[in-house]
Structures are given as C-alpha cells and as structure tokens.
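A short write-up of the structure that comes next.
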C-alpha cells in the first residue's frame, strides 16, 4: 500500500472512529450517567434524576392525525434522499402529563421544541440534532400508532395525511413533479405505557413538584447504555484501525 493511500484511508478511519467515540461515550453516555435514580423523598430540588415508571391517568389529548385520545403524542415526517433520511417535521404535544412509579406521582412539563440546526462545513451542511433527537436516532421512539408513506411507485392516498402535509406546507411532489419519498408517523402514549425520563425537579408550591424533562424515552437506561457503549467501542476500534493503517503506511522517503 502506498504512503498516500495508507494515510488517506487511515485518516478516514481515525476521523469516523473519533466522531463516533465522542458522540456516544464522550457526549451522550457521560451526560446520561450524570442523572441518578433515587428513592422518593431523597431527591433535592434542581438535582438531575433518572425516573422510571409509567404514564398515569391525566388530561386526555387528541392526536393531530388520527384524533386518538392519549396523554402525549408526537409526529414526525421524514424524506428519503438517496441513502440519507432527512427530518422535515418533528412535533410533540405541549401539555403536561403525569407519571407514576407506584410510590409517587409527578407532573411532567412538556419538552420545549428545539428546532433542528445545520452548520456548513465546506460545501456540505451538517445537521445538529437536539439531545432528544440524538437519543431517538440510537434507540428509536417505539411502535408508531399510525404510518403513511409514499414513494415513486406508491402515491399518498390517506386524506388525513394529505391534509396534514398541506397544513404544514410540505409538498408531496418535487420540483420536477416526481413523488417525494415521504413517511409520516404518529406516536401516542397512554396510561400504563412505560416511560423513562432524564430531568430535574422544581417546586411549584409547598406541596407540588414539577419534573422538567431533558429527554423522554421508552427504553430503560441499561439498554441505552448498552447501545451507546457498543457504538463507542466500535468507534474506538475504528480509531485503532486507522492508526495502524497510518503507521503501516510509513513515512515518505
């Protein structure tokens, strides 16, 4: 292997492995482990805690697409562009809801919507996801309640989905009149569904505490740690492979 090829291949391995290692273990995993599970009554206000329990009976909402009664909902619209999947819309209900761990009940404030940002590196935009979106990319959002999709061979037929796209000014066709590869998904959560929340407590009054979520997920922490840890080890492995390839390439003579 020539010097230049070895360094080019090695640098790509090092770059990709380093990014994967930093994004999983160096960023998300370390942050999640700062949130500690504690028994009721042992938590100080403002402390980062990890809650595991279930959704409790509370104010009922109607999901926007299917008008299904629920406690919380979320809708995403993605578009496939070649090998990439682009998030066009990510909306969540903005009403508080209640959770319980059989010993206490907490009111959870809605997550503030964080718009997806992009920065330009060279000529290519790089999307910066919110912590919630990053976690969802790793462990998913659970089973969707409703899905509608279209692609070049399959038009979108559901009137509800078509009306929802029109309402949010998302065209089902591209500039040349071709069908865009769109997927609409609606997720709902009802009383009794499991929930895991990383956040902190604040006090509304002397008797009531509110829970401010950082991320909300359907997966327990051990599962998330296992996924992020595995990806981090993969990043470490790629980083090592890249360094070996570079060193084997040697120095220019």
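Each reported figure results from applying straightforward, stated rules to the coordinates on display, with no laboratory input. Just so you know, these numbers come straight off a predicted model, no measurement behind them. Neighbour counts are summed over all protein chains in view; Cβ atoms, including those assigned to glycine, are modelled from backbone coordinates with ideal geometry.
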### Query
Sorted by average packing, counted as other Cβ atoms within 10 angstrom per residue and highest first, what order do 234-246, 153-165 take?
234-246, 153-165
#### Entry: Extension gain from residue 169 to residue 54, taking 0.36 nm per residue of separation minus the Cα-Cα distance
37.8 nm
### Task
Please report the relative contact order for the range 157-212, taking Cα pairs under 8 Å with a sequence separation of at least 6, and give it as a percent rounded to a whole number.
16
## Note on the structure
Semi-axes a, b, c in Å (a largest) for the range 180-222, each sqrt of 5 times a Cα gyration tensor eigenvalue, come to 29, 13, 12
### Message
One quarter of the convex hull surface, Cα atoms only: what value does that give for the range 42-102 in nm²?
### Response
6.9
#### Entry: Theoretical gain in end-to-end length, residue 86 to residue 208 [0.36 nm per residue, Cα-Cα removed]
39.9 nm
### Query
What is the diffusion coefficient of the range 143-253 in µm²/s, taking the Kirkwood radius over Cα pairs and the Stokes-Einstein relation at 37 °C with a viscosity of 0.692 mPa s?
166
#### Entry: Label-zone membership for the range 223-248, site residue 30, 7 angstrom Cα→C-beta point, backbone N under 20 Å
224-240
### Message
Let's test the formula: R0 of 41 Å, r as the Cβ-Cβ distance of residue 248 and residue 22. What FRET efficiency results, to the nearest 0.05?
### Response
0.95
